[in-house]
1. Name the long-range amide H neighbours of Val176: under 5 Å, sequence gap of 5 or more, or other chain; modelled H, no Pro or chain starts.
2. If contacts are Cα pairs under 8 angstrom and at least 6 residues apart, what is the relative contact order of the chain in percent?
3. Quick one: among Ser175, Ser196, Ser62, which has the greatest mean-square fluctuation in a GNM of the chain with alpha-carbon springs under 10 angstrom?
4. Given a Förster distance of 25 Å, report the FRET efficiency between Met10 and Glu71 from their Cβ-Cβ distance, rounded to the nearest 0.05.
5. In the neighborhood of Ile5, defined by Cβ-to-Cβ distances under 10 Å, what is the net charge if each Lys or Arg adds +1 and each Asp or Glu adds -1?
6. Provide the per-residue ³J(HN,Hα) series for segment 57-65, in order, calculated from phi with Karplus coefficients 6.51, -1.76, 1.60 and θ = phi - 60°, each as a whole number of Hz, with x at glycine and proline positions.
7. If you keep only loop residues by DSSP, which trypsin sites (Lys or Arg not before Pro) in segment 1-88 have at most 13 other Cβ atoms within 10 Å of their Cβ?
8. Quick one: dipole size for the chain, taken about the Cα centre, charges +1 on Lys/Arg Cβ and -1 on Asp/Glu Cβ, in debye to the nearest 20.
Amino acid sequence: MEEEIRKEFMELLRLLDEGKLQEFKDKATECPPVDIAEGLEEIEDEGRVLRVFRMLPKDISSDVFSYMTSEQQQLIAESATNAELKALVDDMFMDDTVDFLEEMPANVVKKVLQNADEGTRKTINQFLNYPENSAGSVMTAEYVGLKKNMTVEQAFDYIDTHYCEKITLEEVASSVYMSANYFSSYFRKVTNISFSDYVTRMRINHARELLREGKKNVTEIAMECGFNNISNFYRLYKKHVGKTPKDEKSKNS
């Protein structure tokens, strides 16, 4: 965790510990969700993790949750009330929800399914490959009637052109005339990976090429490849490549 990010997160904790809740919420809103998740990862006290997460503004909590470790996601899910869990899942993109549930034990998956609406439950069951009768993972006539190859090719063309920009799931879904939730599920069904993971891989591959060229510094490359947060770039690059961008660049200098 970079020192500047650690200082920002420690300031958040100080505001919460001093009971300055509005200042805490205001500052949390200004912080990138990935930085908050990274800060939470360094807290060993589970009770404190729960307190910090529950005090986050509702409009960023689902984003923070999607970046958290699977261990802390499980802690949050098991501790949440049914209403809290439903609200959290409702605010998440379907691909993030499926990624989260793939790492969870049966009791957490069951709790999520029990509190999801029928449409969400069917989609989750379908992409987790649960039995037909578990909660009705039945394809709709609309899904079956789609021209799958053409639609995916169109989406790939759009992503290939715009992945270095601030591309969103909604934007790509709109380009192929689908709703965001439907496209998220559809993309994963056809490609076996989530939309966000696909875009991240595209960006990482491009960044790796630029790092090997050695003509630009790491920050410039991160920004050019669509990473607006340098700590997030370092984390994702190491996750996908097995070494840091700095190590990659040094190796090819």
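1. none
2. Values: 226 pairs, mean separation 33.3, N = 253.
13 percent.
3. Of Ser175, Ser196, Ser62, the Gaussian network model singles out Ser175 as fluctuating most.
4. Working: r = 22 Å, r/R0 = 0.87.
E between Met10 and Glu71, to the nearest 0.05, is 0.70.
5. Taking every Cβ under 10 Å from that of Ile5, the sum is -4.
6. Using θ = phi - 60°, the values come out as x, 4, 6, 10, 4, 5, 5, 4, 4 Hz.
7. Numbers: sites: Arg6, Lys7, Arg14, Lys20, Lys25, Lys27, Arg48, Arg51, Arg54, Lys58, Lys86; in loops: Lys20.
For trypsin sites (Lys or Arg not before Pro) across segment 1-88 that sit outside H, G, I, E and B with at most 13 neighbouring Cβ atoms in 10 Å, the list reads Lys20.
8. Numbers: 33 positive and 46 negative charges, 129 e Å.
Dipole of the chain, to the nearest 20 debye: 620 debye.
Read-outs: derived from the displayed coordinates by stated rules, not from any lab. Since this is a predicted model, take the numbers as computed values, not measurements. Please note: Cβ atoms are built from the backbone with ideal geometry, for glycine as well, and neighbour counts cover all protein chains shown.
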